[in-house]
Structures are given as structure tokens and as C-alpha cells.
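Here's the structure, in C-alpha cells; my notes come after.
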Amino acid sequence: MITIVVAAILLAVAIPGFGNLILSNKLTTVTNEWVTAVNVARSEAIKRNAVVVICGESGDDSTTLSTGCDAQASWGEVRALNRSTSGDSVEVVRAPLMGDIPSGISVTGTKTLRFGGNGIGRQENQSAPDSDVLIADISAPDLSGDNHRCVRLITGTTLNTVSSDTCGN
């Protein structure tokens, strides 16, 4: 009987900790998926020596590649332009990844990025890369501290992910 009571007390203490661990793992997984999509876009641009776009929630600059990128279903979709004599077509290199965001996770501030054949990324409608731009704020509001993962693109080539209480701009 004492063993059962001790086991019940240990479970009562451990279960909330497991909930936080699971939520933290979901946060890390979604962050890793976004970073992977950005890296795929960059490597495809270099491989193809052509412009490749990763769609974020932030835009649609009315070009063939990014038209429709502002639709939520397209977040994280990687697109490349195929030129041919019969006309240009858009190829989806990597399917959208943000359609199934796990419960308890919030993804905001995702930016549509263009990578040129040289592998340098910039925000759409900009001619040069920013020195430091927040491209995604992924958070788990139910976690107590360091519940945001701030993904930044530094000088158009380097991704930096930081755990923080808030991402800011």
C-alpha cells in the first residue's frame, strides 16, 4: 500500500513536467522545420543558379514565384521558377510545412524570402539583403520562460535561432 502511495505522489509531481517537456519538443520541432525549409530554398537556388522563394505569411509581390504566398496554407512552401520555350512555370520544390502546427505552438512573423543563384537571401521587394531580419517568431505561450524561438537571417546567408521571452523586430 505504501508503494502505491509513493508511486502516486511521484506521478502527480512528474506529469506536469512531462507536459512542459512535450511542448518544448514541439516548439523545437516546428522551429527546425522552418529552418530546414529556409536551408532547402537557399541550396536549391545555388543548385539551380536561379531564384527560389520560400513563402511566408508576409507577402505577395505579384511575381510569378510569390503570387499566393500570403495564403496561410502556403507558409513554408519552397518554389522555383522553371523557364522553357513554352513558357514559365512554378515548381514546388518543398511542400508547405505549416499546415499542421501542433496545438500549443504559435508561428507568426514568417517572411517571404527570395534566394538568388548566389545563395544570398533577401526579403521580397528588396534589392539587397538586410544585415539582420527576423524571419519567424515561433512560440509556445504556455511555457513559462524562453518560450519563443526567434529565427533571424543575418546578411542574407546565415540563419540564427535564439531562445527568448520575446522576439521583437
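For the chain, the mean residue ellipticity at 222 nm estimated from helices alone is -10500 deg cm²/dmol, where every DSSP H run of n ≥ 4 contributes -39500 (n - 2.57) and the total is divided by all residues, rounded to the nearest 500.
Where in segment 4-33 does the amide nitrogen come within less than 11 Å of the point 7 Å from the Cα of Leu143, taken along Cα to Cβ? The answer is 20-32, whose backbone nitrogens lie closer than 11 Å to the label point.
Rounded to the nearest 20 debye, the dipole magnitude of the chain is 480 debye, with +1 charges on Lys and Arg beta carbons, -1 on Asp and Glu beta carbons, and the Cα centre as origin. Each of Gly87, Thr28, Thr166 was placed along the dipole of the chain (beta-carbon charges, centred on the mean Cα), and the one lying farthest toward the positive end is Gly87. Per residue, the convex hull spanned by the Cα atoms of segment 65-158 amounts to 110 cubic angstrom.
The value given for segment 1-62 is a Kirkwood hydrodynamic radius of 15.7 Å, derived from the mean inverse Cα-Cα separation.
Ordering Ile105, Gly116, Ser131 by the projection of their Cα atoms onto the charge dipole of segment 105-163, which places +1 on the Cβ of Lys and Arg and -1 on the Cβ of Asp and Glu, puts Gly116 at the extreme positive end.
Just so you know, all these numbers are worked out from the coordinates, no wet-lab data involved. None of the values given here were measured: they were computed from a predicted structure. All Cβ positions, even for glycine, are placed from backbone atoms using ideal geometry, and neighbour counts span all protein chains on display.
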